[in-house]
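The values are calculated or read from the model by the stated rules, or taken from the named source; none is laboratory data. All of these numbers come straight from a predicted model, not from anything done at the bench. A quick note on method: Cβ atoms are made from the backbone with ideal geometry, for glycine too, and the neighbour counts reach across all protein chains shown.
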Amino acid sequence: MESISVFDMLKIGVGPSSSHTLGPWRAANRWIDMLKSKEIFDKVDSVKVQLYGSLSLTGKGHATDKAVMLGLLGTDPVTFDIDSIQKEIDIITSEKTLKLNSEKEIKFHPTEDIVFNRKFLPFHPNGITFVATLKDGTKKSETYYSIGGGFVVQQERKRAKKKIEKFSNFPFPVEKATELLKYCHEEGKSISQIVMHNELSLRSEEEIKTGLKDIWEVMLDSMYVGCHTEGILPGGLRVQRRAFETHKKLIGDTPYQNAYEWIATIRNTEVKFRQILKWVSCFALAVNEVNASLGRVVTAPTNGSAGVIPAVLMYYLVIENHDGNFEDIRKFLMVAGEIGSLFKKGATISAAMGGCQAEIGVSSAMAAGALTELMGGSPDQVLMAAEIAMEHHLGLTCDPIAGLVQIPCIERNAMGAIKAINACEMALDGDPSTAKIPLDKVIATMWETAKDMTTKYKETSEGGLAVQVNISDC
């Protein structure tokens, strides 16, 4: 049984895509670690990177080539200064050299040494192979797969046994929603309490608190920055940032000292039904506009769906409960992470495997369940809300125009957030004992739908809006 931590589901990283940007970046980091562990790092003379399947077909739009180079530099996507990204890429491109792990300078020509193959590897659509040519002419290669949400594996799952052993001390191991509910009923605990017990087997309470605060700070910052940044998104589609104008119409252009002063101002603003819709959409759009600009966001469960959970949590804090505090944030993130892990274990969170239902659908389910616990719902109602949210995202395809995480991705986050709030309200008014479809069934259905979905609707830009709309039309 594979147990997944909240901090696996909610990772701090750089946009625009967890599978196409964060994953390849992490894969490059891991490959360098492998070279060092085998004591061949110093023998490397040159490097070539092969991108396969979805990483190739939409890799340019998702900045996969840039992520690979930043990973080869040995930088950390959690801490690297995002304002320096283009500068580092320009240096590599102009000088045709790369400082491997910021230690060893090698010749590197991005247009020649990063190869975009249309071929799909059998294990997963997001394949990436690193090939090192050593000074004696021999070649050493390793293949990794970016399976969604920033998770990176190798086909033989070398780390799987180690990871399972690491999590074997979970007091409440969970594979399915029914098991999670069983623990809640037997222990008389909420879902967030069960998750907290599991997390305490991995790290201290202070570490959990600090980690979740860091996650929330990035979420909040992405909303704040997105709402206060105007202009055109990069990438060629010339998509106008919309959060700035929406925010301005809602609250004006008063300057704020920080994001918390901003929150206080929103709380004191009269909000009617239409404004609620506008605020929630604004928060979601803001995050994903930051994401589309290679900004720092939190995978929730992916970068492409990073706006749903912050938007719904912000809704709770500034509209639903003005007394909301970090304890509420902690509970929300823990429940959301646990629901996301159920989908990862029972289906997928990779759009390249399951279409956008695996990203926006899962994020909406995560947010719906988490909000339901904060609103006083029972564990049964929490999972009922998650089921409702996913049920109405089934079959959602991934068809980004020009391979960019912009159209229709940004708007889909706003729609996913609104659906999550609606699902929560329906669950709170519903009786879980009469529900016809349990969460485990909708997860299984999502996976069956993913397998039946044609490849062209799985993040390849070969179907749907991606072929119906030309860049010139935008």
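Of V115, V152, which residue is in contact with a strand residue (DSSP E or B) (Cβ under 8 Å, 6 or more places away or on another chain), surrounded by fewer than 16 Cβ atoms within 10 Å (Cβ to Cβ), closer than 21 Å to T58 by Cβ and among the β-branched types (V, I, T)?
One residue alone meets the criteria, V115.
If you take the residues in segment 132-147 that are out of contact with any strand residue (DSSP E or B) (no Cβ under 7 Å at 6 or more places or on another chain) and without any contact (Cβ under 8 Å) to a residue 24 or more places away in the chain, which one is farthest from K345 (Cα to Cα)?
Going through segment 132-147, the residues out of contact with any strand residue (DSSP E or B) (no Cβ under 7 Å at 6 or more places or on another chain) turn out to be 136-138.
Still in the running and without any contact (Cβ under 8 Å) to a residue 24 or more places away in the chain: 137-138.
Working: G137: 42, T138: 39 Å.
Top of the filtered list is G137.
Considering only segment 94-131, state which residues are of a type in the set (S, T, Y), closer than 23 Å to G13 by Cα and out of contact with any Lys or Arg (no Cβ under 9 Å at 6 or more places or on another chain).
Across segment 94-131, the qualifying residue is only S102.
Mind checking which residues of segment 76-114 are among the β-branched types (V, I, T) and out of contact with any helix residue (DSSP H, G or I) (no Cβ under 8 Å at 6 or more places or on another chain)? First the steps, then the outcome.
Start the filter on segment 76-114 by keeping residues that are among the β-branched types (V, I, T), which leaves 78-79, 82, 85, 89, 91-93, 97, 106, 111, 114.
Hits for segment 76-114 are V78, T79, I82, I91, T97, I106, T111.
What is the number of the single condition among (1) charged (D, E, K, R); (2) outside any loop (DSSP other than H, G, I, E, B); (3) at pLDDT 95 or above that E230 does not meet?
Among (1) charged (D, E, K, R); (2) outside any loop (DSSP other than H, G, I, E, B); (3) at pLDDT 95 or above, the lone unmet condition for E230 is (2).
Conditions first: (1) out of contact with any Ser or Thr (no Cβ under 7 Å at 6 or more places or on another chain); (2) assigned to a loop (DSSP other than H, G, I, E, B); (3) under 18 Å from L10 (Cβ atoms); (4) not basic (K, R). V218 passes all but one, so which condition is the exception?
The one condition V218 does not meet is (2).
Which residues, taken from segment 395-407, are at pLDDT 95 or above and either out of contact with any helix residue (DSSP H, G or I) (no Cβ under 6 Å at 6 or more places or on another chain) or on the phi > 0 side of the Ramachandran plot (or both)?
If the condition is that a residue be at pLDDT 95 or above and either out of contact with any helix residue (DSSP H, G or I) (no Cβ under 6 Å at 6 or more places or on another chain) or on the phi > 0 side of the Ramachandran plot (or both), then G395 is the only one that fits.
May I ask you to verify whether T434 is over 22 Å from H20 (Cβ atoms), of a type in the set (S, T, Y) and modelled with pLDDT of 95 or more? Before the answer, list the steps.
On the way: over 22 Å from H20 (Cβ atoms): yes; of a type in the set (S, T, Y): yes; modelled with pLDDT of 95 or more: no.
Considered against the rule, which asks whether it is over 22 Å from H20 (Cβ atoms), of a type in the set (S, T, Y) and modelled with pLDDT of 95 or more, T434 comes out as no.
For segment 112-123, which positions are over 15 Å from W25 (Cβ atoms) and either of a type in the set (S, T, Y) or not in a loop (DSSP other than H, G, I, E, B) (or both)? Explain how you work it out, then say what you get.
At the first step, the residues of segment 112-123 found to be over 15 Å from W25 (Cβ atoms) are 112-113, 115-123.
Across segment 112-123, the qualifying residues are E112, D113, V115, F116.
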